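Notes for the one structure printed next.
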Amino acid sequence: MARRRLFTVSFINLFVFDVLYQLVAYMTNSIVSVYALSFGASYAVAGVLAGLNPGSSFASRPFIGAVADLFSKKTLLVASAALFFLATLGCSAFESSLMLGLCRVVQGVSFALRSACVASITTVIVPAEQLGKGMGWMGMSSVASSAFGPMVAERIGILFGYQNSFVAASALLLVALLLAVALKRPPKPDVGRKKTWAEIGKSIHLKGFIYKPALPYCLIGGLSAAPIGVAMPLIIVAAEDRGIADPTLFFAFYACVALLGRPIFGRASDSVDLKKIALPLLAADLAAVVILMFMSNTAMVCLAGALLGLGQGALFSVLQAQSVRDVDQASVGKAANTYYIGPDLNLCISPIIGSALLGAFGVTAMFGYAAIAVLLGIVLACMYDI
């Protein structure tokens, strides 16, 4: 039997959509702390604003997990792009912590929708025997975006003001919205009789939200992502504290290495025991955050970015693919949402803890917290039969 192609029109459409969407996510997430500090917010408030996006993603996932498997994934994908567009445009209109916070909440809800939809649609349009490879390529959307998003946002902010960084991001999201509308509607999974809204409401509880087999990947994914959870919103501020130039090169080196690593390790995960892949990647993750603890020049920032791209950058998509591998279509949305609990909680909590530690004890303590999280991830990877 002929092998089905991975790079179909639908796959390319979805991939470009996700590149643009995540480019905007990295643009906004990397400058929101600097933007907040520019109009007088404290370190603590800036950290909360950075964490509101993933925090609201996490808070909204119980509802999204309940409805994601019942409605058209294309409709939900279009809705996610529209919400993110409006919220990002809103960020450009306000110099108020409260209003900026509300926009960040809407962005978070949108991101939760996108995460579930992209993972679910990928499992439908990608051949089953190439799922790891497909997820690896799809994961490259965040890698490519992380290379350019922070640098573009910072450069626009320096030259024209950070409000205009959000305006530029909104323009990119408008293109992503059009791509979502143009996406060929994937086939609906056979989930039997559609539930009523009353039944959906009753299903929104912890047991209905959690897909237990995905929990180990959720926990390890969240802990291993603590370094990027701290670095993404705070590396610019931390570098300024240490007198280090060009801190956004961190993202470029992260992306370049992850760009190579994700497809390779994604393909390997289709045939190699996961633990043999996860433990070396976690070791690279730990090495990166130790370098960040003691960074004193741009070269150290770049090396840390490269190691983190090899470690967390590749591990994220490997764990994501494993969390939905061999899951029946009726539960894929729930499995995908379960996996994202860990990364969401990390991206919510890490900026808050990191900014508090940065203000009280400095850069070493901030990244020391991330090192402890990665060590816990290594312990769990050794304990669990992943």
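The values are calculated or read from the model by the stated rules, or taken from the named source; none is laboratory data. What you see is a predicted model; the values in this text were computed from it and never measured. Methodologically, a virtual Cβ is constructed for each residue, glycine included, from the backbone with ideal geometry; neighbour enumeration extends over all protein chains shown. For the accessible areas, the whole protein counts, side chains as well, though only heavy atoms, and no ligand, DNA or RNA atoms are used. Shrake-Rupley method; radii C 1.70, N 1.55, O 1.52, S 1.80 Å.
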Which of Ala284, Leu131, Gly47, positive extreme of dipole for the chain (C-beta unit charges): Leu131
Peptides ranked, highest mean first, by Cβ atoms within 10 Å: ranges 301-310, 34-43, 75-84: 301-310, 75-84, 34-43
Linear extension gain, Leu376 paired with Ala283, 0.36 nm per residue minus alpha-carbon span: 32.3 nm
Ile228, Ile291, reordered so the largest accessible area comes first (probe 1.4 Å): Ile291, Ile228
Inter-probe distance in nm under a simple model that places probes 7 Å from Cα toward Cβ, at Phe7 and Leu37: 4.1 nm
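When only the heavy atoms of the protein chains count and the probe is 1.4 Å, how do Asp18, Asp270 rank by accessible area, highest first?
Order by accessible area, largest first: Asp270, Asp18.
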Accessible area of the chain divided out per residue, in Å², using a probe of 1.4 angstrom: 39 Å²
Calculated Cα extents along the principal axes in Å (choose from [x] 58, 46, 39; [y] 62, 49, 48; [z] 66, 51, 38), label: [x]
Span-like helix ranges in the chain, DSSP H, alpha carbon extent 27 angstrom or more, Kyte mean at least -0.5: 9-38, 43-67, 73-93, 97-125, 131-160, 162-182, 249-268, 274-293, 332-361, 363-383
Length added when fully stretched, Asp385-Ser271, from 0.36 nm per residue minus Cα-Cα: 39.4 nm
Förster radius 35 Å - calculated FRET efficiency between Glu95 and Ala245, Cβ distance, rounded to 0.05: 0.80
